[in-house]
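S.K.: I have a structure here, written as structure tokens, and I will follow up with some questions on it.
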Amino acid sequence: MSDQYVLQPNTGIVLLGCKTAFDGLTNKEKLYAHYLSQAAWYGGLIVLVQTSPEAPGLYVLLQRLFKGQPLADLQQTATNNGLTDEEYQAVLLYAAGVFSNMGNYKSFGDTKFIPSLPKEKFQNLVLNSAAYKADSKSIEKLWNKVSGPMYSLGPKVNQLGLGDKGTTTYFSANCSQVDADLANQFIEQKHISPYNTRLFKISDSEYEIKLASVCTTDDPAPIPGFEEKPIIGCHAFTPNNSDKSYTFKVTRGDYSKLMKLVVDNLTKAKQYAANENQEKMLEHYCKSFSCGSIHSHKSGSKFWIRDKGPVVESYIGFIESYRDPNGLRGEFEGFVSMVNKEMSAKFTDLVAKAEHFLPLLPWGTAFEKDEFLKPDFTSLDVLTFGGSGIPAGINIPNYDDIRQSDGFKNVSLGNVLSSGYKDQIITFLTDEDKELYGTLKAASFEVQVGLHELLGHGSGKLFHRNADGTFDFDTEHVKNPLTNEPISSWYEPGQTWDSVFSAVASSYEECRAECVGIYLCLSAEILRIFGHEGDTADNIIYINWLNMVRAGLCGLEFYTPENQQWRQAHMQARFVILRVLLEAGEGLVTIEKLQGKDGQPDLIIRLDRSKINSVGKPAIGNFLQKLQIYKATADLKGGKDLYDHFSAVTDDEPNHFLTIRNIVLARKQPRKMFVQCNTKVNGDTTELVEYESSSTGLVQSFMERFPEGLVEPILNELWESDAAHFS
């Protein structure tokens, strides 16, 4: 059994603590946070349906297994039926992994993980459990249906992907890249947002696009005056340069019963909203989730942007497109958090001075937004994050048109940062660098997150031709700095950054934002905002650049040589930056192969800090300028050629990256999992329920998260209704 496909026993599991922040809320704010959290948790279950064909059934089996009897009793059942303590802990860890990732594929890396105990041992536990004794027929049926896929490893199921490259449930099993490209043309022509959709191929000439919504296609007038109903139904479509006609049927009602639970709880939360912006935001979200309307979600997002400095901050919907193999469809996520006022003050200062820092970026004013719409930028303690994983920072919404016209918000998730980097094992650095890295990693990453989110994702203009034929840039005077010629490409009506750059868009944009972070952290004025001056500031710069280089090396874990695919957008981005810095030469970055203290092959990264400004800054500046210009001008070929060049992993001289990858895999450290708190309403009070930092605590939190018997039948129904599309 390959270690690559099991969760290691030394996987760190930590409590995502937020008690101090939660206790500081008023009772009204606690109720608002509670119902928003409920909506986020119910919506997060949608990710199971978005991940793999077996994930919903697997989740139902584990829920029923652990709810059937107290965990201490289940452990005794395991012992009585031949499982060692190590094997029982492996069951708990596997379940914790499924709950944390909302499925049996890692949210960070997209590889499958299987239980690290023999199948027959797991079966012994299931078929002797209290759950089995209470309902043997349904538990046995569940086990028989999920146990095969649960343990299956092979090229088609090892990782997420489309067609022969992996598994996905954003597309039916008979879809290929050709089908995805055809659908892209259709939704662009019809101005349908793909964020809340899945694509099922019915026949060689017929497709179904399913919109997530409470209402089904057959429901009459789900909301009076709803303006998007005409998109529902059958549409004939002939693609460019083809005589063949296809039928696309657009339907509502995907995940309907889960969406209803989301809407019900958002409606309850609205009673405790602090202001009209929050009320309008929730009203539009409910409309969006009821009818499958991204237009309504955009409207809600505009009110969310206007809600400046809320005590309880949240966002919910089909957001990030990292796990769609085509880079367009959003995974559901929802978060609820409380503001950390001390850290937020630093970010507010950064926002106030952002317009002073934007001109430092290596592109002219013509390539920058006409107006920088100052966003809310807060540090948050997360109460709830429903979805497949928890990031360290977020820049939302992801709608380009809203970002350019209304603005955006940035959030840094402070308790994720503080919890995630505790007791981290540091690899591939010298002993001297390890000491400095351990001391300053959190502080330097705080700077990087701030710059990445605010001035990375928040910077740069896109050039458009409007529907009336006019342009949103000066076509006569603006020239492409790479060619010194007039701008010759742009986004046509209906096109977006995601639709044009598709599968490469997410990683490309993360790379652009990461480059902005390390480029601007060289500013002494920016570092003073975060409280760093003198030698400390110099060390923060060094550790930030060193961390980026090390992350690029560790990123090789997320590359699959067999199909030459990257499985994680951020890690691909960091590897690209490593390649750029290595190609800069002059001894700026070197990777040394050596024998480790344990006698096994090891690597040491060396970054010459004296050359960061003289060699590193020009190299990143030149690369960053190209990224922005290709993005601004919708130049897919130029951008993709550049990005593919630096993304390539070969065994060529001088770095032998495929050989290095084997060492990286041998020394990889497991990614931590977070135990999240629950909230519970008791009469007039709302309580925070905490759990221990262990697999047991994580599993217990999920056992107490949903009312008994509510979600399992819904997930089982979704699982069975989808089965024909993935067989």
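S.K.: Could you tell me the ratio Rg/Rh of segment 249-316? Both radii from Cα atoms, Rh via Kirkwood.
M.R.: Numbers: Rg = 12.3 Å, Rh = 12.3 Å.
My calculation of the ratio gives 1.00.
S.K.: Also, I was wondering about something else. With 31 Å as the limit, write out which pairs from 353/631; 353/626; 257/637; 165/672; 409/680; 112/308 have Cα-Cα distances beyond it, or answer none.
M.R.: 257/637; 112/308
S.K.: Related question: Report ³J(HN,Hα) in whole Hz for each residue of segment 473-484, in order, from the Karplus equation J = 6.51 cos²θ - 1.76 cosθ + 1.60 where θ = phi - 60°; Gly and Pro get x.
M.R.: After applying 6.51 cos²θ - 1.76 cosθ + 1.60, I find 8, 7, 5, 7, 10, 6, 10, 7, x, 7, 10, 6 Hz.
S.K.: With an 8 Å Cα cut-off and a minimum separation of 6 or more residues, compute the relative contact order for the chain in percent. Could the numbers behind the result be given before it?
M.R.: Values: 1285 pairs, mean separation 124.7, N = 727.
RCO, the chain: 17 percent.
S.K.: So which GluC sites (Glu not before Pro) in segment 226-306 end up in coil per DSSP with only 13 or fewer other C-beta atoms within 10 Å?
M.R.: Loop-located and lightly packed - 227.
S.K.: Another question, then. Which pairs, out of 369/479; 298/461; 106/668; 268/346, put more than 24 Å between their alpha-carbon atoms?
M.R.: Going by Cα-Cα distance, 268/346 fall outside the 24 Å limit.
S.K.: What FRET efficiency do you get for residue 434 and residue 636 if R0 is 56 Å and r is their Cβ-Cβ distance, rounded to the nearest 0.05?
M.R.: After rounding to 0.05, the efficiency reads 0.85.
S.K.: Quick one: 511, 286, 234, fewest Cβ neighbours within 10 Å first, how do they rank?
M.R.: Going from sparsest to densest Cβ surroundings: 234, 286, 511.
S.K.: Per residue of segment 557-562, in order, report the coupling 6.51 cos²θ - 1.76 cosθ + 1.60 (Karplus, θ = phi - 60°) as ³J(HN,Hα) in whole Hz, putting x for Gly and Pro.
M.R.: With coefficients 6.51, -1.76 and 1.60, one gets 4, 9, 10, 10, x, 4 Hz.
S.K.: Can you sort 491, 5 from fewest to most other Cβ atoms within 10 Å of each residue's own Cβ?
M.R.: Fewest-to-most Cβ neighbours within 10 Å comes out as 5, 491.
S.K.: Right, another one. Once you place label points 7 Å from the Cα toward the Cβ at residue 349 and residue 495, how far apart are they in nm?
M.R.: 4.3 nm
S.K.: Order these by the 10 Å Cβ neighbour count, fewest first: 86, 368.
M.R.: 86, 368
S.K.: Tell me the net charge near residue 135. Cut-off is 12 Å between Cβ atoms, residue 135 excluded, with +1 for each Lys or Arg and -1 for each Asp or Glu.
M.R.: That works out to +3.
S.K.: Tally Lys and Arg at +1 and Asp and Glu at -1 over the other residues with C-beta under 14 Å from the C-beta of residue 31: what net charge comes out? Numbers along the way, then the final one.
M.R.: Values: positive: 28, 30, 268, 270, 680; negative: 29, 684, 687.
Local charge sum for residue 31: +2.
S.K.: Compute the distance in nm between two label points, each set 7 Å from the Cα along the Cα-to-Cβ direction, one at residue 138 and one at residue 176.
M.R.: Computed distance between label sites residue 138 and residue 176 equals 4.1 nm.
S.K.: For mean projected area of the Cα convex hull in nm², the choices are [x] 31.6; [y] 53.4; [z] 33.6; which was calculated from the structure?
M.R.: Calculated mean projected area of the Cα convex hull in nm²: the matching label is [x].
S.K.: If you don't mind, there's one more thing I want to ask. Using +1 at the Cβ of each Lys and Arg and -1 at the Cβ of each Asp and Glu in the chain, identify which of 118, 530, 187 lies farthest towards the dipole's positive end.
M.R.: Towards the positive end, the residue furthest out is 118.
S.K.: Would you mind checking which residues have amide H under 5 Å from residue 168's amide H? H placed 1.01 Å from N; only 5 or more apart, or other chain.
M.R.: 161
S.K.: I need the shape label for segment 164-262. Rule: rounded when a/c is under 1.5, else prolate if a/b > b/c, else oblate, with a, b, c from the alpha carbon gyration tensor. It would help to have the intermediate numbers written out before the result.
M.R.: On the way: a/c = 2.32, a/b = 1.39, b/c = 1.67.
Taking the square roots of the gyration eigenvalues as a ≥ b ≥ c, segment 164-262 is oblate.
S.K.: So, one more: At q = 0.15 Å⁻¹, what log₁₀ I(q)/I(0) does segment 501-586 have when each alpha carbon counts as one equal point scatterer in the Debye sum?
M.R.: Result of the Debye calculation: -0.62.
S.K.: Another question, if that's okay. Need one number: nm distance between label points at residue 405 and residue 123, each 7 Å from Cα along Cα→Cβ, rounded to one decimal.
M.R.: 5.9 nm
S.K.: Sticking with this structure for a sec: With charges set only on the Cβ (+1 for Lys and Arg, -1 for Asp and Glu), what does the dipole of segment 426-668 come to about its Cα centre, in debye to the nearest 20?
M.R.: 260 debye
S.K.: I would also like to ask the following. If you find the alpha carbon centre of segment 252-302 and of segment 12-73, how far apart are they in angstrom?
M.R.: With segment 252-302 and segment 12-73 each reduced to a Cα centre, they are spaced 20 Å.
Computed from the coordinates by the stated procedures, all read-outs in this text should not be read as laboratory data. Note that the structure is a prediction, hence the values are computed from the model and not measured. For neighbour counting, all protein chains shown are included, and Cβ atoms are generated from backbone atoms with ideal geometry for every residue, glycine included.
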